[in-house]
1. Among the residues of segment 129-139, which ones are surrounded by fewer than 16 Cβ atoms within 10 Å (Cβ to Cβ) and closer than 17 Å to L154 by Cβ?
2. Need at least 3 residues that are exposed (fewer than 13 other Cβ atoms within 10 Å of the Cβ) and at pLDDT 90 or above per element, so show me which helices (runs of 4 or more DSSP H) inside segment 76-128 make the cut, counting only ones lying wholly within it.
3. Could you tell me which numbered condition G198 fails, if it satisfies all but one of (1) buried (at least 24 other Cβ atoms within 10 Å of the Cβ); (2) out of contact with any Pro (no Cβ under 9 Å at 6 or more places or on another chain)?
4. Looking for something touching a Gly at 6+ places or on another chain (Cβ under 9 Å), assigned to a helix (DSSP H, G or I) and either crowded, with 18+ Cβ neighbours inside 10 Å or not small (G, A, S) (or both) - is there at least one such residue anywhere in segment 60-71?
5. Within segment 157-172, how many residues are crowded, with 18+ Cβ neighbours inside 10 Å and closer than 22 Å to F211 by Cβ?
6. Would segment 84-104 turn up any residue that is over 19 Å from the mean Cα position of the chain (by Cα), among the β-branched types (V, I, T), in the same structural domain as A157 (by TED's automatic domain parsing) and within 20 Å of G186 (Cβ to Cβ)?
7. Does L214 qualify as being of a type in the set (A, V, I, L, M) and either farther than 19 Å from P30 by Cβ or at pLDDT 90 or above (or both)?
8. Has segment 72-82 got at least one residue that is without any contact (Cβ under 8 Å) to a residue 60 or more places away in the chain and polar (S, T, N, Q)?
Amino acid sequence: MNPYGITLTLVVFYAFSELHGRRRTFYTNPVLLSIIVIAAFLWASGYSYESYMESAVILKFLLGPAVVSLAVPVYRSRKVIATYWKEIAAGIAIGGTLAILSAFYTARLLGGSEEVLLSIAPKSVTTAIAIGISEKMGGIPALTAVLVILTGILGNAVGVEILDAAGVRDRIARGLAMGVTSHGLGTARILLDDELAGAVSGLAMALNGIFTSLLLPYLLEILK
């Protein structure tokens, strides 16, 4: 197997992680910068995306175990989570609904077609679930995937900073906000700062995926 893709990914991400460790600003976010640089490099070199993904397939495989590993902090924080289950349930229901409505009406206000509206509505849940919802509802799965990834990148890059600026200090609330709005990438970011907030974020990410898949078809019928 050609090691080109995996080597490029690891080297670029490591370099930007080191930079971010020194600067700690949103514009040095290693996820965002790595995507931009790798995309630009592939375009400039003429190396196809398919070949790149084939070379970096081991990293794609490791995404599965990485997501499953989020259960570890959830288990460690199970007693605290059980204490605040009502607040967590309410946060997922309200946050998940607002995520759908804000995306839907923003796209409608900007003149988006029905396909675009259906594609953007599930943008705050994980890619696999969002694509499945988009396909079932008549959206454009490829567009949904891009929007989900952009949402995650933005959450990873500036989510914690926005919470800090807004004065949100409660660890449960911070975890809920990141998990519901920016799924896996947001969870990975907040987990670096606080294990409890990361545990709540991982739980919120999973439950919001279920909640959105159940609510969205009925909600869209009303919104249409």
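The values are calculated or read from the model by the stated rules, or taken from the named source; none is laboratory data. Since the model is a prediction, treat every value here as computed from it, not as a measurement. Glycine gets a Cβ as well: all are built from the backbone with ideal geometry, and neighbour counts include every protein chain shown.
1. none
2. Working: elements: 78-83, 85-109, 114-120.
Fully inside segment 76-128 and qualifying: 78-83, 85-109.
3. Tallying (1) buried (at least 24 other Cβ atoms within 10 Å of the Cβ); (2) out of contact with any Pro (no Cβ under 9 Å at 6 or more places or on another chain), G198 fails exactly one: (2).
4. yes
5. Qualifying residue count, segment 157-172: 4.
6. Filtering segment 84-104 for residues over 19 Å from the mean Cα position of the chain (by Cα) gives 84-87, 89-90.
If we keep only those that are among the β-branched types (V, I, T) too, we end up with none.
Among the residues of segment 84-104, not one is over 19 Å from the mean Cα position of the chain (by Cα), among the β-branched types (V, I, T), in the same structural domain as A157 (by TED's automatic domain parsing) and within 20 Å of G186 (Cβ to Cβ), which makes the answer no.
7. On the way: of a type in the set (A, V, I, L, M): yes; either farther than 19 Å from P30 by Cβ or at pLDDT 90 or above (or both): yes.
Against the criterion (of a type in the set (A, V, I, L, M) and either farther than 19 Å from P30 by Cβ or at pLDDT 90 or above (or both)), L214 qualifies.
8. no
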